[in-house]
Amino acid sequence: MSARGRRAVRAVLPRRPARLAAVTLVSGLVTAGTLAGATSAVAEEAPRSGGGATATIGGLKTYGDAVVHGADGDRQVSAGLFAMSVEGGGTLQTYCVDIDNPTQKGARYQETPWSGTSLGANAAAGRIHWILRNSYPQVNDLAALAAEAGVPGLTEQDAAAGTQVAIWRYSDGADVEALAPRAERLADYLERSARDTAEPQPSLSLDPPAVSGRPGERLGPVTVHTTADSVTVTPPAAATANGVTVVGTDGKPITSAADGSRIYFDVPGDATAGSASLTVQASTSVPVGRAFVSDSRSQTQILAGSSESTVSATATADWAEQGAIPALSARRNCAKGGLDITAANQGDEPFVFSLMGTEHSVAAGGRQTVLVPLQEDQAYDFTIKGPHGAGSRFEGVLDCATETAESKAVGGESVQTLSEPSPLTVGGGTDTTNLAETGGSGATPLIAGTAIGLVVIGGAVLLLLGRRKNPTTRH
């Protein structure tokens with residue numbers, strides 16, 4: 001396909017809003033100092049996982065060169081497969097879906113639904129999934145791929161570069177070409193052939209991730225969704241010591257479950273108000289097409305291949321004899337630009353809480369989802385406490401848009417495009433990334449510095465209705 005033809009195709013793709021380079025400090029309902037106190041209060045609790053694989057990114061594994069054509073001229077980038085190491089064991093291969101945002105070596109990533117990434121608002125996301133399933137490394141017979149695409153003599157570097165270039169054309173609407181002729185012909189074939197393909201299911205998740213009820217009841221169900229043959233179920237020692245058990249639909253204690261299994265917290269009738277959590281873990285191949293995001297604003301990745309890898313998820317339960325008994329969970333909603341807070345109330349009184357200065361009331365036996373609007377790239381960290389001291393902390397970064405070449409101006413200042421390697425660190429570490437190897441050689445140091453250095457409280461909420469420690473969850 002000619003460059004003009006590619007521009008015509010991408011003209012119909014939705015334009016992403018430019019990501020905000022400088023994060024705005026939004027007025028909240030508590031001060032930073034108050035929230036810091038809440039942070040220390042929950043630090044001893046184990047964090048809750050959104051479910052799936054957690055991995056650390058290394059560097060480019062197999063790649064070639066590409067050129068991005070932009071309003072400011074052409075720039076050369078590397079295009080290909082990244083390697084990621086899974087916590088608990090396993091390796092992943094990924095392509096990136098944010099060409100102008102740098103990858104930070106050593107960044108920690110979490111498996112995430114498309115709805116929590118730029119793919120959620122991208123009508124072409126299904127075509128990216130098709131490309132992943134029908135190209136390298138899923139099709140690792142290069143001769144077969146070459147015959148299908150009509151590109152004889154494909155090398156691994158050609159295949160990786162061509163696949164990445166085709167993905168960028170749909171993920172970013174980028175006018176990008178592979179420099180190697182065979183890689184470029186493969187990219188054209190993949191772009192031309194791509195068809196909508198449904199989002200893959202998560203490797204492991206629990207639905208809902210939080211439940212509530214009264215002592216003497218089985219709280220739940222929590223349904224297991226997984227691609228693994230089975231998962232191990234582990235209640236915390238503290239809950240077991242208090243007589244809380246994890247049971248199946250027949251009421252018998254369980255230590256394993258499968259896809260579709262329903263799990264309950266069996267709480268003794270004499271239990272005082274409290275909470276418990278369970279963890280499920282498995283070893284499985286993560287489905288191709290799953291998205292991975294990092295709270296350090298390292299560029300979003302999409303899965304191209306997986307070894308047998310460790311995946312896990314957690315769920316919590318809260319109980320009380322009377323009053324409101326809320327179960328709280330959160331999920332990024334990129335289509336609406338914010339964080340969805342869901343509160344289910346299994347108590348006998350309404351659960352009243354405030355978000356962004358607005359009071360909300362969930363009736364006894366009711367359920368309500370409230371959107372917390374956030375700006376792109378805005379970090380959030382807030383805690384909601386319930387009437388019996390139970391509470392949930394939600395922290396993360398809203399990363400819903402790709403960084404377009406048009407967003408190179410920050411606050412009226414031009415951001416320098418780097419042609420030489422530039423070190424970026426995560427959390428004060430010493431690992432660095434060569435930006436010329438990330439798919440984003442037009443780096444933005446100001447963005448990176450702001451992203452790593454600032455902790456911004458957006459719509460922070462702290463309802464001080466109890467003193468009990470709260471679990472931490474990332475979304």
Loop GluC sites (Glu not before Pro), the range 43-120, which have at most 10 other Cβ atoms in a 10 Å radius of their Cβ (DSSP): 44
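Could you rank the peptides 257-263, 354-360 by their average count of other C-beta atoms within 10 Å per residue, with the highest value first?
Details: 257-263: 16.7, 354-360: 13.1.
Peptide ranking by packing, descending: 257-263, 354-360.
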Positive dipole terminus of the range 174-322, leading residue within 248, 277, 315 (C-beta point charges): 248
Extension gain (nm, one decimal) between residue 349 and residue 242, 0.36 nm per residue minus Cα-Cα: 35.9 nm
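Only the coordinates and a few stated rules stand behind these numbers; no lab work does. Everything quoted here is computed from the prediction, not taken from an experiment. Note that each Cβ is placed from the backbone with ideal geometry, even for glycine, and that neighbours are counted across all protein chains shown.
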